[in-house]
Amino acid sequence: MTPVLIVLNAGSSSLKFQVYDMVDGAEPQLVWKGLFEGLGETAHFIVKDISGTILDHVSWDPSDGIGHEEALMHLVSWLSQFREERKPMAIGHRVVHGGESFSAPVLVDDSVIQRLEALVPLAPLHQPHNLEPIRVVRRRLPGMPQVACFDTAFHQTQSDIATLFALPREMRERGVRRYGFHGLSYDYVSSVLKDYDPRLAEGRVIVAHLGNGASLCALKGGVSVATTMGFSALDGLPMGTRCGAVDAGVIFYMLREMKLTPEEAERVLYTKSGLLGVSGVSNDMRVLRSRAAMDVDARRAIDLFVYRITREIGSLMAALGGVDGLVFTAGIGENDVATRAEVITGLAWAGLAHDEAANRTGGPRISSGSGPTAWVIPTNEELVIARQTQSVLGAT
Ligand code: AMP
């Protein structure tokens, strides 16, 4: 029986999973990955091996009532029945917010769950979904070790000043500060920089995590010194459906003059803004690119996205005192040649030179010349969760 780790990343109606063989003293080895979609409605399960071959898939009717709990139990029983037997030894979870108290991954117990629940108001649209499978496992598989891995933890290296808002001191004391997110992705990129260019691992690097959620992180010697996301996953760059930075006065205007309730305003900022809001068409960069030539609003959404990325990179360069490398990662960063080209071209003043041919084929190096370099590095947040889970288990 091979011991395995399960890595879970739970959303409101989805549950993504990866299964890793645990190898003593070595990197966890991915064997299977898959997801449940449409939980609570028309649920669907699919699992593939590392070559992308579909191993199994199941669809359910809404009347089958497949939610997160049933999905998890289906996965555990699938694991025990499918081909070679694999025995889950631990589960690692992505948890978006670790607040001030969790600066590293942690073995979950009841008190940890309680403290994570207290952070729900800081990430109302993500944290409850992340916690749901943790509670289910606690109830249905009580002996199973679980490790919570945080998107905020990687940014704990930032200075006090980098995390401070210019608000009254008592706000800071109540946890109102910049936390930063996408830390699991930045942790992965930081861990592989040396494989691309050893000087980058020691140097000043800006990582652009551009997916449906988007942020930038400034790394110095591989650790986070500044990032564009702040207190919540709303700040910084425009995203698929999130607004990014807006003047806080806009929110008062929405509440007072436009008579939106706080919940309605929150919904606008999280789910109706960003690429979707500006284009009025889609939050999906592929759709926007395909329509940009004939649809002025699709073009404006892309232009704003690129403009904000380029401006914020300038800000992070100032925080770093210069830049040696720029890394693109996540769905748009890894796949959208045009966004990478537009950002690099906009940074010519900083010495970046776009290598068009290399960019078209995905690099990994997509700059030329002797100035700062630009790279495409695919992220792997799940591997970081597997690494962290293995390391927490090894330490217990
Ligand atoms: P993520 O949240 O990292 O999965 O990224 C989702 C975003 O990546 C969406 O905006 C997709 O449109 C975008 N994306 C994925 N594949 C491509 C592609 N081939 N070209 C352009 N954008 C892509």
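The values are calculated or read from the model by the stated rules, or taken from the named source; none is laboratory data. On a predicted model such as this, the values are computed, not experimentally measured, just so you know. Positions of Cβ are backbone-derived with ideal geometry, glycine not excepted, and every protein chain shown enters the neighbour counts. To get the accessible areas, we keep the full protein, side chains included, count just its heavy atoms, and leave off ligands, DNA and RNA. Shrake-Rupley method; radii C 1.70, N 1.55, O 1.52, S 1.80 Å.
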Percent of all Cα-Cα pairs per 20 Å bin for the chain, counting from 0 up to the last occupied bin, reads 26, 59, 16, 0
The alpha-carbon center of segment 296-316 and that of segment 176-215 are separated, in whole Å, by 20
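Report the net charge of residues surrounding V4, where surrounding means a beta-carbon distance below 9 angstrom and charges are Lys +1, Arg +1, Asp -1, Glu -1. Don't skip to the answer; put the middle values down first.
Values: positive: R86, K87; negative: D21.
Value of the local net charge: +1.
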Here the net charge surrounding D295, from other residues whose Cβ is less than 15 Å away from its Cβ (Lys, Arg +1; Asp, Glu -1), is +2
Helix 183-196 vs. the chain, principal-axis angle (Cα, 0 to 90°, nearest 10): 70
Just to confirm the filter: which GluC sites (Glu not before Pro) across segment 57-136 are DSSP coil and have at most 16 other Cβ within 10 angstrom of their Cβ? E84, E85, E100
The set of residues whose placed amide H lies less than 5 Å from the amide H of D235, leaving out same-chain residues fewer than 5 positions away, is G230
Connecting C-alpha atoms closer than 10 Å in a GNM of the chain, tell me which of G314, G92, G143 has the biggest fluctuation. G143
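Evaluate the relative contact order of the chain (contact order divided by residue number), counting alpha-carbon pairs under 8 angstrom at least 6 apart; express in whole percent. It would help to have the intermediate numbers written out before the result.
Details: 791 pairs, mean separation 53.3, N = 396.
The normalised contact order for the chain reaches 13 percent.
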For segment 17-81, which whole-number percentage of the solvent-accessible area (1.4 Å probe, protein heavy atoms only) is attributable to carbon and sulfur atoms? 48
Springs between alpha-carbon pairs under 10 angstrom, Gaussian network model over the chain: which of V306, V250, V268 fluctuates most? V250
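So with the 1.4 Å probe, I'd like the accessible area per residue for the chain, rounded to whole Å². Spell out each step's value before the answer.
Numbers: 17710 Å² over 396 residues.
On a per-residue basis, the chain sits at 45 Å².
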Whole-Hz ³J(HN,Hα) for each residue in segment 126-134, computed from phi via Karplus 6.51 cos²θ - 1.76 cosθ + 1.60 with θ = phi - 60°, x for glycine and proline: what do you get? 10, 4, x, 6, 5, 7, 3, x, 5
Cα to Cα, under 19 Å, and not fewer than 8 places away if on the same chain: which lysines meet these conditions relative to K220? K194
Please go through segment 64-130 and write out the trypsin sites (Lys or Arg not before Pro) that DSSP classes as loop and that have at most 13 other C-beta atoms within 10 Å. R83
Within segment 165-242, list the trypsin sites (Lys or Arg not before Pro) lying in a DSSP loop whose Cβ has at most 16 other Cβ atoms in a 10 Å radius. R174
